[in-house]
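We did not get these values from a lab; they are worked out from the coordinates using the rules stated. Remember, it's a predicted structure, so these values are computed and weren't measured experimentally. As a convention, Cβ positions derive from the backbone with ideal geometry for all residues, glycine included, and neighbour counts pool all protein chains shown.
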Amino acid sequence: MFIQTEATPNPATLKFMPGKPVLGSGTRDYRNAEAAKGQSPLAERLFEIDGVEGVFLGPDFISVTKGETDWQLLKPAVLGAIMEHYVSGAPAVTGEGGSDTDTSGESFAPEDSEIVKTVKELLDTRVRPAVAQDGGDITFQGYRDGVVYLHMRGACAGCPSSTATLKHGIENLLRHFVPEVREVRQV
């Protein structure tokens, strides 16, 4: 099994591509070992490695966020854990916790449903694929008084360039196509 790795704009996060489906669809974000417990055998295995502070599972990739440990020391252990997981035949996720892309936490007024529909379509077709290339994800959380609230995950969470991406890239895109949007904020 050959696992490719890619750097992300976040120096604390590396993207690992096992060449096999990870989730198939949707995403899961685990910020600590407790969150992964009983939900993801793959994330649990990765959190056993000293220095791993976050695991983000995408359709075909795994983003791992480290603490103070150097990638030269951590990367071989992460590669080994991912390989062991796939050899074991265990699923990436087993828990009942739904995909991070569910819509249960969204907040917007019913009269804004058309604006929200357009914003979500733009996010799904133009923003999320680009963000996934960098080992992360971005999801719609709400819309109120011209402000779009978004949640950044994986490599994007805590990335030094995420504010620029949000303000200059995503905000400009949404304002261009949806004149009602005045601002974009991270949740």
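In table form, for the structure just shown:
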{"read-out": "Entry for Rg and Dmax of the Cα atoms in Å (calculated from the structure that is shown) out of (i) 16.0, 53; (ii) 17.1, 53; (iii) 15.6, 49", "value": "(ii)"}
{"read-out": "Filtered trypsin sites (Lys or Arg not before Pro), region 108-167: DSSP coil and at most 13 other beta carbons within 10 Å", "value": "none"}
{"read-out": "Met1 versus Glu34: modelled label distance in nm, points set 7 Å from Cα along the beta carbon direction", "value": "3.0 nm"}
{"read-out": "Dipole axis of the chain (+1 Lys, Arg; -1 Asp, Glu on Cβ), positive-most option in Val52, Thr165, Ile82", "value": "Thr165"}
{"read-out": "Over the chain: helical MRE at 222 nm, DSSP H runs n ≥ 4 each giving -39500 (n - 2.57), nearest 500", "value": "-7500 deg cm²/dmol"}
{"read-out": "Thr94-Arg182 pseudo-label distance in nm [points 7 Å out on the Cα-to-Cβ vector]", "value": "5.0 nm"}
{"read-out": "Nearest-ten-degree value, helix 71-88 long axis tilted from longest Cα axis of the chain", "value": "80 degrees"}
{"read-out": "Ordering of 46-56, 15-25 by burial proxy (mean other Cβ atoms within 10 Å per residue, highest first)", "value": "46-56, 15-25"}
{"read-out": "In nm, spacing of pseudo-spin labels at Asp70 and Glu111 (7 Å Cα→C-beta vector)", "value": "6.0 nm"}
{"read-out": "Cα centre as origin, Lys/Arg/Asp/Glu Cβ charges: region 1-122 dipole, Debye", "value": "460 debye"}
{"read-out": "Gain upon complete extension [Leu79, Asp50; 0.36 nm per residue less C-alpha separation]", "value": "9.1 nm"}
{"read-out": "Compactness of region 1-55 - radius of gyration and Dmax, Cα, Å", "value": "11.7, 30"}
{"read-out": "Members of Lys20/Lys120; Lys20/Lys117; Lys66/Lys167; Lys75/Lys117 lying beyond 30 Å, as alpha-carbon distances in this model show", "value": "Lys20/Lys117; Lys75/Lys117"}
{"read-out": "Shape metrics for region 107-186, restricted to C-alpha atoms - Rg then Dmax, Å", "value": "11.8, 35"}
{"read-out": "Lys, Arg +1 and Asp, Glu -1 on Cβ, resulting dipole of region 15-76 about Cα centre, debye, nearest 20", "value": "260 debye"}
